[in-house]
Amino acid sequence: MRESPQHAEVMIIGAGIVGLACAWHLQRQGFEVVLVDPEPPGSAASSGNAGVLANYAIEPLAQPSIWRQAPGLLLSPHSPFHLRWRHLPGLAPWLWRFMQHANRRSAAQATHILSELLAPAVDDWRLILDDLEKSGSLVQQRGSLCFYLSAKGWREAQTEFAVRERFGVMQERLDAKALAELEPALEGRAQGGILFPDACHVSDPLLLAQRLAEHLEGRGVRRVRAKALGLASCSSGVGIDTDQASWRAEKVVVAAGPWSQPLALAAGDRIPLISERGYHLEFPTVRRLVSRPCSPGEYAFYLTPMQGRLRIAGTVELGHNGDPANPRRLAYIRRHAEALFGPLGEPSHTWLGLRPSLPDSLPVIGPASALPGVSYAFGHGHLGLTLAATTGRLLVASLKGEAPAWLAGCSAGRFR
């Protein structure tokens, strides 16, 4: 005979960095919170990202310029983007939606919303960090640097600079000399760069997630090792089926990253969510190459100094979630990094992770369309770490009916 359902006031499905930040905000408001995830906290994309709190990344990926860039991105062996062509039939609807957003109007709308999301991101994180013992040292504010190897890349960067300037993003242009003074390893290698002085980076993203999870458990947040399989309406709120037990919750937050789509469908929303496959390599820190996150604009990866190692993370690959790692993507990152800095030795670690991405580069934050009591917090793409704390704050505002008007641009209903 099936056991009676267990009860939760608020159940958060997903213990990645976004789910953990939502749990912090909800617990702070006095809610009893249960976190459900089949894996340890922060062990998926939250552990392997570039570690950058990129509060300057206000432009969506879908830009008008993508129409002329698409052939090179798809066909060049030197492209930071790779499509596994055998999966094209399944990816085509998402790619079509992405290209539909590659126009000035859509890009401008997304830029406005991203600027609203990102402006308070560092301050929102500080609020959480101030509550965590011994975790402030994990987040360092040395800025973030994008540099450009070619005159063409540097010239095109000025357009992006102007867009960010209109939205008040803190940034500084650096010529080749100033760039070399800031990061000596880049001397003679770049035309110029843009420094984002108030950006921060995390020296160990997994450790940050683990410490936040431990802190939450100490505050009474319960963690359950289970996989959520479905949602349904019930007399006492929302019914949740997991592979371990059935639950009833007054409120449910879907923060399951790339695994959120079927749960959203059960709540009445067909969300065009796919997984961007991102990679990283790590090298033991024998010599300090850079002192802050640095990104060669033409190659779409970051070099981030972390505790005892250098992490080189980035690129975009579209394929199937279950596909094995593509050694060519790892080789791409290593080849271009060593072209800049010389031999790096053998990597101590390689990684493949899944970024939950939507065609307009905006997350889904707010209530489900058809299942009362269910809210969403997923689809952050490259900005999950950056926007985790802000998402938690906005989620609470949404539950209290106090969400800002612009947050409607992140609603699930935009895809209907």
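The values are calculated or read from the model by the stated rules, or taken from the named source; none is laboratory data. If you're wondering where the values come from, they're calculated on a predicted model, not measured in any experiment. Glycine gets a Cβ as well: all are built from the backbone with ideal geometry, and neighbour counts include every protein chain shown.
Candidates A249, A264, A256: the one that is modelled with pLDDT of 95 or more, under 18 Å from H7 (Cβ atoms) and not basic (K, R) is A249. Of everything in the range 345-370 that is surrounded by fewer than 20 Cβ atoms within 10 Å (Cβ to Cβ) and aliphatic (A, V, I, L, M), the residue that is farthest from A300 (Cα to Cα) is A370.
Could you check the range 210-240 and list, in sequence order, the residues that are within 23 Å of Q261 (Cα to Cα), small (G, A, S) and outside any loop (DSSP other than H, G, I, E, B)?
A228, G230, A232, S233, G237, G239, listed by residue number.
Taking helices (runs of 4 or more DSSP H) as the structural unit, those lying wholly within the range 101-207 and holding at least 1 residues that are farther than 30 Å from P40 by Cα and without any contact (Cβ under 8 Å) to a residue 40 or more places away in the chain correspond to 104-118, 151-166, 176-182. Looking across the range 1-50, the residues that are touching a strand residue (DSSP E or B) at 6+ places or on another chain (Cβ under 8 Å), more than 25 Å from A313 (Cβ to Cβ) and hydrophobic (A, V, I, L, M, F, W, C) come down to A8, V10, M11, I12, I13, A23, L26, F31, V33, V34, L35, V36. Contact annotation: residue pairs with Cβ atoms under 7 Å, 6 or more positions apart or on different chains, pairing a residue in the range 387-401 that is crowded, with 24+ Cβ neighbours inside 10 Å with a partner that is modelled with pLDDT of 95 or more and of a type in the set (S, T, Y), are L395/S375. The single condition among (1) buried (at least 19 other Cβ atoms within 10 Å of the Cβ); (2) modelled with pLDDT of 95 or more that P80 does not satisfy is (2).
The set of residues in the range 370-388 that are within 12 Å of the chain's Cα centre (by Cα) and not β-branched (V, I, T) comprises A377, F378, G379, H380, G381, H382, L383, G384, L385, L387, A388.
Beta carbons closer than 8 Å, at least 6 apart along the sequence or on distinct chains, pair a first residue in the range 300-311 that is closer than 15 Å to G278 by Cα and of a type in the set (D, E, K, R) with a second that is outside any strand (DSSP E or B) and modelled with pLDDT of 95 or more for R311/A50; R311/G51. For the range 161-203, a residue qualifies if it is of a type in the set (D, E) and crowded, with 18+ Cβ neighbours inside 10 Å, and exactly one does: E183.
Candidates E282, E250, E276: the one that is surrounded by fewer than 18 Cβ atoms within 10 Å (Cβ to Cβ) and either assigned to a strand (DSSP E or B) or at positive phi (or both) is E250. Based on what the data block shows, is R219 modelled with pLDDT of 95 or more, in contact with a Pro (Cβ under 8 Å, 6 or more places away or on another chain) and either exposed (fewer than 15 other Cβ atoms within 10 Å of the Cβ) or on the phi > 0 side of the Ramachandran plot (or both)? In short, no. Filtered by the rule that a residue be at pLDDT 95 or above, of a type outside the set (G, A, S) and more than 16 Å from the chain's Cα centre (by Cα), the range 275-292 gives L281, E282, F283, V290, R292. Taking first residues from the range 64-76 that are in contact (Cβ under 8 Å) with a residue 12 or more places away in the chain and of a type in the set (A, V, I, L, M, F, W, C) and partners that are outside any helix (DSSP H, G or I) and surrounded by 12 or more Cβ atoms within 10 Å (Cβ to Cβ), the Cβ contacts under 7 Å between residues at least 6 apart in sequence or on separate chains come to I66/A102; W67/A102. For the range 1-33, the candidate set comprises residues that are in contact with a helix residue (DSSP H, G or I) (Cβ under 6 Å, 6 or more places away or on another chain), outside any loop (DSSP other than H, G, I, E, B) and among the small types (G, A, S); within that set, the residue that is surrounded by the fewest Cβ atoms within 10 Å (Cβ to Cβ) is A21.
The C-beta contact set for the range 8-36 (first residue touching a residue at least 40 places away in the same chain (Cβ under 8 Å) and closer than 21 Å to L229 by Cβ, second residue crowded, with 23+ Cβ neighbours inside 10 Å and acidic (D, E), distance under 7 angstrom, 6+ apart or interchain) comprises G14/D37; A15/D37.
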